[in-house]
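The values are calculated or read from the model by the stated rules, or taken from the named source; none is laboratory data. In this text, all values refer to a predicted model and were calculated from it rather than measured experimentally. Methodologically, a virtual Cβ is constructed for each residue, glycine included, from the backbone with ideal geometry; neighbour enumeration extends over all protein chains shown. Accessible surface areas use protein heavy atoms only, side chains included; no ligands, DNA or RNA. Shrake-Rupley method; radii C 1.70, N 1.55, O 1.52, S 1.80 Å.
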Amino acid sequence: MKATLKVDPSNQISKIDERIYGSFIEQLGRAVYEGIYQPGQSTADKNGLRRDVIDAIKKLNVPIVRYPGGNFVSQYKWEDGIGPKDVRPTRLDLAWRSIETNQFGLHEFMNWADKVGTKADMAVNLGTRGIMAAANLVEYCNFPKGSYWSDLRRQNGQEQPYNIKTWCLGNEMDGPWEIGQKTAYEYGHLANEAAKAMLAVDDSIELVACGSSSMDNPTFGDWEKTVLDQCYDNVDYLSLHRYYGFYGDDDPNELDNYLGKNIDLDEFIKGVVAICDAVKARKRTKKTINLSLDEWNVWYHSNDQDAKTAPWQTAPHLLEDVYNFEDALLIGSLLMTLLKNSDRVKIACLAQLVNVIAPIMTTDQGVWFQSIFYPYMQVSNYGKGIALTPEVDVATYKSREFDAVPYLDSIATYDQSQDEVTIFAENKNQTEVIDFSTLLRDLNVKKVIEATQFYGYDVKADNRDGKMGLQSLDVSTDDHEIKAKLQPLSWNMIRVHVSK
Ligand code: AHR
């Protein structure tokens, strides 16, 4: 099988907002407790932050982390997590039916974010709380001094404001599972009023309104329109969430279908963009709403186990999906989908980061990387600069849900500041090698910096034994062409220095 990718530096999708490589830490399961925070663990610092986990996250180069939820936030009182730890209340977490000790809260998270080198994407509770709790949190975090909440922050040890820029107006408010679920009108109105108060405290912040928690929800479409009708002028982004699962056992046709799920994400994104722009036109405004895909991943492996987990535990093993190789291939394609939509998707959070549906897992002794860690690490580190429109020429296949899935999924990014082009390419063909050729227009290949492939594993194999890793890929080049053989079911990355 042959495939070509044409790369033209003047054929640009968008400058990439690196926040599309964000992730998510929810106060859920072992994400925080036994994950990023474990006082007494051998690598933990004096504040209980695990240094081995911080080092692992740094490899992923995560620019922004959403916190503290997720469903958790819709029943959370942020004031429980500040001040002296010995008087913080232990509460029932109604979202996950767990025990929340509140030993980890806002200050601990911001300290951790600083150590990781990431920014906060802070969510406020619009499920069971409302306008003033949200505005007070902005005041606590961002107001310099001389007011009740800002002085309380200083009294709690943080003199300088945190200046958190990105804020989520609640979480999945369309979902029947959400504590404090609302109708689209109720939520849109509340989001608008909360936004007004939060912006009154700090008008430099950016706000994300809740879109649909899934394209499958019956309210999808009407929800977006009604919500934006209410709050368009006061928000910057609309969220969308999407999770995938594989339900076909060993059926190769189902694997074909699973590997085409990036088409579903692409359709979802384009659908939400269309609704945002329809509201824009009806409002006769020049303002454009962009998207925050603030939860996305594969999530299904742990469902049966979670149904059996006893409630009211501290740090229970919840949502601990163990990812296999086919999941890593899907994640690679989903990451490329973010790049292909980078003109409108400006924030995206792989949900989540540690232990809970996560690329990084911990034991009391150390950390291990899931299969999905590898494509995420590569795109996050090297998918920089400008996303170039992929002109791919390759055969397609038909699957149960998708009429035409290209056997090759590919996109290139161009980082002009480093004279570097990075090509991501995935061969979805289960049996055939692809003779892959990248043709560069108006750019000369000077040197191959790095070429890797991720392949050769059983699609159902996971990385609990630590045997997975990137292998080198042979490439040949001349002035305008880069050639490589892409193995069946492989994720590949080629980085080259270029000149004009
Ligand atoms: O990421 C796990 C959960 O998925 C989040 O808490 C919720 O927002 C979504 O349903």
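Some observations on this one:
- For the range 187-197, Karplus couplings with θ = phi - 60° (6.51, -1.76, 1.60), whole Hz, Gly/Pro x: 5, x, 5, 5, 4, 5, 5, 5, 4, 4, 5
- Residues of the range 387-454: accessible area per residue with a 1.4 Å probe, Å²: 42 Å²
- Sulfur and carbon atoms: percent of accessible area, the chain [1.4 Å]: 48 percent
- Oblate is the label for the range 104-154, because a/c, from the alpha-carbon gyration tensor with a ≥ b ≥ c as root eigenvalues, is 1.5 or above and a/b does not exceed b/c.
- Taken over the Cα atoms of the range 109-224, the convex hull encloses 116 Å³ per residue.
- The calculated Kirkwood hydrodynamic radius for the range 448-495 is 12.0 Å, given to one decimal from all distinct C-alpha pairs.
- Put a plus charge on the Cβ of each Lys and Arg, a minus charge on the Cβ of each Asp and Glu, and nothing anywhere else: the dipole of the range 210-305 about its Cα centre is then about 1020 debye.
- The range 53-174 - convex hull of alpha carbons, volume per residue in Å³: 117 Å³
- Rounded to whole Hz, the Karplus (6.51, -1.76, 1.60) HN-Hα couplings of the range 329-346, x for glycine and proline: 5, 5, 4, x, 5, 5, 5, 5, 5, 4, 5, 5, 10, 6, 5, 10, 8, 10
- Close amide H partners of Asp121, meaning residues 5 or more places away or on another chain with modelled amide H under 5 Å apart, are Val65, Arg66, Tyr67.
- Of all DSSP beta bridges in the chain, antiparallel share, percent nearest 5: 60 percent
- Amide hydrogen proximity for Ser14: with H placed 1.01 Å from N in the peptide plane, the residues at 5 or more positions away or on another chain lying under 5 Å are Ala387.
- Debye-formula intensities of the chain, expressed as log10 I(q)/I(0) at q = 0.07, 0.08, 0.10 Å⁻¹, are -0.37, -0.49, -0.77 (one equal scatterer per alpha-carbon, no solvent).
- Highest average packing first - 19-30, 153-164, Cβ atoms within 10 Å: 19-30, 153-164
- Percentage relative contact order, the range 380-500, counting C-alpha pairs under 8 Å, at least six apart: 30 percent
- Among the listed pairs Lys225/Lys428; Lys119/Lys283; Lys15/Lys446; Lys2/Lys446; Lys182/Lys384, those whose Cα-Cα separation exceeds 28 Å are Lys225/Lys428; Lys119/Lys283; Lys182/Lys384.
- Karplus 3J(HN,Hα) series, Hz, for the range 92-105 with 6.51 cos²θ - 1.76 cosθ + 1.60 (x for Gly, Pro): 7, 8, 6, 5, 10, 6, 10, 9, 10, 7, 6, 6, 10, x
- Of His107, His189, His241, the order by accessible heavy-atom surface (1.4 Å probe, DNA, RNA and ligands excluded), from most exposed downward, is His189, His107, His241.
- Once the 1.4 Å probe is applied to the protein heavy atoms, the range 276-321 comes out at 51 Å² accessible per residue.
- Take the convex hull of the alpha carbons in the range 316-401; its mean projected area over all directions comes to 8.0 nm².
- Cα-based convex hull, the range 234-387, per residue volume (Å³, whole number): 158 Å³
- Long-range amide H partners of Lys384 with built H, under 5 Å: none
- Secondary-structure-derived ellipticity at 222 nm for the chain, considering helices only, amounts to -8000 deg cm²/dmol, per-run term -39500 (n - 2.57) for DSSP H runs with n ≥ 4.
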